[in-house]
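A.B. asks: Next up is a structure, given as structure tokens.
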Amino acid sequence: MSSPPEWTRRGFLAAGAALAAACGRKPAEGFRGIACVALAGDRAIAVVDLLAFTLRHNISLSCRPSALLAHPTPERPAAFAAGTTEGGSALLERVDLAARKVVARVFVGQGAPVVRTDPRGFLWSAAGEPKLRAWHADGLRPGPQLNLAARALDFDLSPVAPLACVCLEGGFVQFADLASGKVSEPVRCGADASAARFRQDGRVVMVACRGESLLRVFDTPSRRIMTELPLALRPDQLCTSVEGGQLFITGEGRDAVVTVYPYTTEIALTSLSGRKPGHMACSENPRYLFVSNPSAGSLTVYDIDTQKVVAVIGVGVEPGVIVITPDQHYALVLNQGSSDIAVIRIAAIKAGRARRAPLFTMVPVGGRPVAALVRSGVDR
């Protein structure tokens, strides 16, 4: 038999080299940890293995959850679910992730609770009362209780001091020293002051006034209004960039995202976005802003540095909350309408004329996922 021509040998060797390279190329690996997903429809927490991207098990709750919080000590295999019972009571439940069950619960008021984690080992709650209540993270034992001038609608905790800024019913703001228990005189803030966010240095707090479509910026030391920032939309959703240099806002009134510079207290720009943009999340590397578009079933991805759209991704029915894994490799999008999680590999998002990126996978989780947190390590 005659030997094959030279070009055939070269083609064979080239094909062999390509095959070897393909075999040696590692597939995308998941995150070594779990996602705990609050299911409002199933009254449960779905635990998803992020290494295999599969549903591992469910943990039953007594409430319809609206929020999930991590333990103030990250090493503890615990999470906290906040929500409402059938009768409308606000409930806080401590979940042992290793034992896969609720180990403590406490009623914290009426209606949907607002809960924040204090690094000192407390959870603070407000729910339908003129009070801020503290609970010890281990066991949910009652802690300090602060009386307010009116019913609390929302609050935020300073990242640098034991201080809370509380939005009160009636358009007031009140500051509370969590260490001493002293509460300042309420300050009139304007109609429908509904959300407060401290700047990362704690010296400024921004209050969203939905009824007036503006931000009022308070100087924390003096407790006085520094400036007002009129917005092109109602401030329904707020999201801060990882390093704290930008505050992004979406809401009714315009299909856009407003960017605010907290350190210069000015509006940078208003960018057009998808149809009725909603929840947001930011990645650190690369610096992307992810915006869910519930009515369109899509996700818009912005490059924070260039302030341009880099991708629009179809993700599912009624996408809502977005969570970025700690390694910055994946964005998890909770689809309330289709009861699943859309997983996007961030490295697959490439700026270009197509402005498209593929979904990495979908994970069915159950009825109406509304909140999530990600834990490093694999809890067995």
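The values are calculated or read from the model by the stated rules, or taken from the named source; none is laboratory data. The structure displayed is predicted, hence computed values, not measured ones. Here the Cβ is made from the backbone with ideal geometry for all residues, glycine too, and neighbour counts use every protein chain on show.
A.B. asks: So, of the residues in the stretch 340-380 that are over 18 Å from I34 (Cα atoms) and of a type outside the set (A, V, I, L, M, F, W, C), which turns out to be modelled with the lowest pLDDT?
C.D. replies: Looking at residues that are over 18 Å from I34 (Cα atoms) and of a type outside the set (A, V, I, L, M, F, W, C), I get R353.
A.B. asks: Taking the condition of being small (G, A, S) and surrounded by 18 or more Cβ atoms within 10 Å (Cβ to Cβ), how many residues in the stretch 167-188 meet it? Show your work before the answer.
C.D. replies: As a first pass, look at the stretch 167-188 and keep what is small (G, A, S): 170-171, 176, 179-181, 184.
Next cut, surrounded by 18 or more Cβ atoms within 10 Å (Cβ to Cβ) only: 171, 176.
Selection size over the stretch 167-188: 2.
A.B. asks: Looking at the stretch 302-325, can you tell me whether even one residue there is over 24 Å from V260 (Cβ atoms), in contact (Cβ under 8 Å) with a residue 60 or more places away in the chain and surrounded by 22 or more Cβ atoms within 10 Å (Cβ to Cβ)?
C.D. replies: No, the stretch 302-325 has no match at all.
A.B. asks: From (1) part of a loop (DSSP other than H, G, I, E, B); (2) touching a His at 6+ places or on another chain (Cβ under 6 Å); (3) of a type in the set (V, I, T), pick out the condition that doesn't hold for T306.
C.D. replies: Every condition holds for T306 apart from (2).
A.B. asks: What residue, among those in the stretch 211-254 that are of a type in the set (D, E) and assigned to a loop (DSSP other than H, G, I, E, B), is nearest to T265 (Cα to Cα)?
C.D. replies: Start the filter on the stretch 211-254 by keeping residues that are of a type in the set (D, E), which leaves 212, 219, 228, 236, 243, 252.
Next, from what is left, pick out any that are assigned to a loop (DSSP other than H, G, I, E, B): 212, 236, 243, 252.
Values: E212: 18, D236: 19, E243: 16, E252: 22 Å.
Only one residue fits best here, namely E243.
A.B. asks: Next question. Does the stretch 298-307 contain at least one residue that is closer than 29 Å to F175 by Cβ and small (G, A, S)?
C.D. replies: no
A.B. asks: For P159, are the conditions met, namely being surrounded by fewer than 16 Cβ atoms within 10 Å (Cβ to Cβ), within 21 Å of the chain's Cα centre (by Cα) and not β-branched (V, I, T)?
C.D. replies: Judged against the criteria, P159 is a match.
A.B. asks: Under 6 Å between Cβ atoms, which residue pairs at least 6 apart in sequence (or on different chains) link something in the stretch 205-227 that is under 19 Å from F155 (Cβ atoms) with a partner that is among the aromatic types (F, W, Y) and surrounded by fewer than 22 Cβ atoms within 10 Å (Cβ to Cβ)?
C.D. replies: R223/F175
A.B. asks: Does G274 count as closer than 19 Å to R355 by Cβ, touching a residue at least 24 places away in the same chain (Cβ under 8 Å), surrounded by fewer than 16 Cβ atoms within 10 Å (Cβ to Cβ) and of a type in the set (G, A, S)?
C.D. replies: Considered against the rule, which asks whether it is closer than 19 Å to R355 by Cβ, touching a residue at least 24 places away in the same chain (Cβ under 8 Å), surrounded by fewer than 16 Cβ atoms within 10 Å (Cβ to Cβ) and of a type in the set (G, A, S), G274 comes out as no.
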